[in-house]
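Here's the structure we're looking at; comments come further down.
The values are calculated or read from the model by the stated rules, or taken from the named source; none is laboratory data. Every value quoted in this text rests on a predicted model; they were computed, and no experiment measured them. Please note: Cβ atoms are built from the backbone with ideal geometry, for glycine as well, and neighbour counts cover all protein chains shown. Ligands, DNA and RNA are excluded from the accessible area calculation, which covers all protein heavy atoms including side chains. Shrake-Rupley method; radii C 1.70, N 1.55, O 1.52, S 1.80 Å.
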Amino acid sequence: MKAFVSIFFTVFICALISGCNNSDLDANGVPKKLLIGMDVGDKPGQTKAAIEPFRLYLQKKLGMEVEIIFTTDYTGVIEAIRAKKIQVAQMAPFAYILATQKPGISLIATFGADGKPSLYHAVIITSSKTGIKTMADVKARAKNLTLCFADPASTSGHLIPRAYLNSIGLNPDNAFKETIFAGSHAASILSVKSGKVDIGCTNIDLSLAKMIREGDVKKEDFVILWTSPPIMNDVIVVRSDLNKDFIKKTAKRLYRCQQR
């Protein structure tokens, strides 16, 4: 399996305890079965098929049963790890920020290849039919435009575009005719294409380009109004109550997985 996860060369381990009485851990704080949570994405079947080799690899190398728990959004992943329904989670950077507002979660890895984190870019898009060509056009017409974010816990589909819009004097909460959340990147993109909304937020590398490549939409359907600076890709986190040596072992296996 190519370029799945790499350690961002720093393993953050805080407040680790070896003795734990959580029902999903043994007396040494090691999971009885490793439960990994992640957002299933816009194409669940495709996501599950793509992740299966990783699950099998980790199961073999750790010598224990590994199960992937899929949620329909980032918020579900955050809630699952906080409630101790899972021990490990994949999160978008913004979801990680939200999750760590409460203690008990440690960062161990980020997605990447060859020992380097992978990067992507947020974009603000509109339909080629709207006549909007630039962000100056958006500012001039904002009160008559509907803005669409993706998932509330999405970095590229919410946090970064929101920060940019605020920086140019467009508060998404009151500058537009209406601001909504589509629920996912694909939904945001399709809402723009269909004309349901005027302006949409997503990312170009992982979502828009993929949908164009797979024939779901066409490049000429959209105008890209703004592109963000590079954003670090998703991270892998663990519960801080897991056994310290087990966390190190898992981090090591994640690093080696990207070299396969």
Given (1) modelled with pLDDT of 95 or more; (2) open to solvent by 40 Å² or more (accessible area, probe 1.4 Å), number of the condition Leu165 does not satisfy: (2)
Do we find that Asp151 is of a type outside the set (Lys, Arg), part of a loop (DSSP other than H, G, I, E, B), modelled with pLDDT of 90 or more and closer than 21 Å to Asp205 by Cβ in this structure? yes
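Select, from Ile224, Ile189, Ile199, the only residue that is open to solvent by 30 Å² or more (accessible area, probe 1.4 Å), modelled with pLDDT of 95 or more and among the aliphatic types (A, V, I, L, M).
Residue meeting the stated conditions: Ile224.
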Only one residue in Ile69, Ile132, Ile81 is in contact with a strand residue (DSSP E or B) (Cβ under 8 Å, 6 or more places away or on another chain) and open to solvent by 50 Å² or more (accessible area, probe 1.4 Å), so which one is that? Ile69
Exactly one of (1) closer than 24 Å to Gly76 by Cα; (2) in contact with a Phe, Trp or Tyr (Cβ under 8 Å, 6 or more places away or on another chain); (3) β-branched (Val, Ile, Thr); (4) surrounded by fewer than 19 Cβ atoms within 10 Å (Cβ to Cβ) is unmet by Thr100. Its number? (2)
Condition test on Asp245, is it more than 22 Å from Gln46 (Cβ to Cβ), open to solvent by 10 Å² or more (accessible area, probe 1.4 Å), acidic (Asp, Glu) and more than 21 Å from the chain's Cα centre (by Cα)? yes
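Residues are listed down the side, and each one gets a yes or a no for (1) of a type in the set (S, T, N, Q); (2) in contact (Cβ under 8 Å) with a residue 12 or more places away in the chain; (3) at positive phi:
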| site | (1), (2), (3) |
| --- | --- |
| Leu25 | no, yes, no |
| Gly37 | no, yes, no |
| Gly41 | no, yes, yes |
| Ile51 | no, yes, no |
| Tyr57 | no, yes, no |
| Lys60 | no, no, no |
| Gly63 | no, no, yes |
| Asp73 | no, yes, no |
| Lys84 | no, yes, yes |
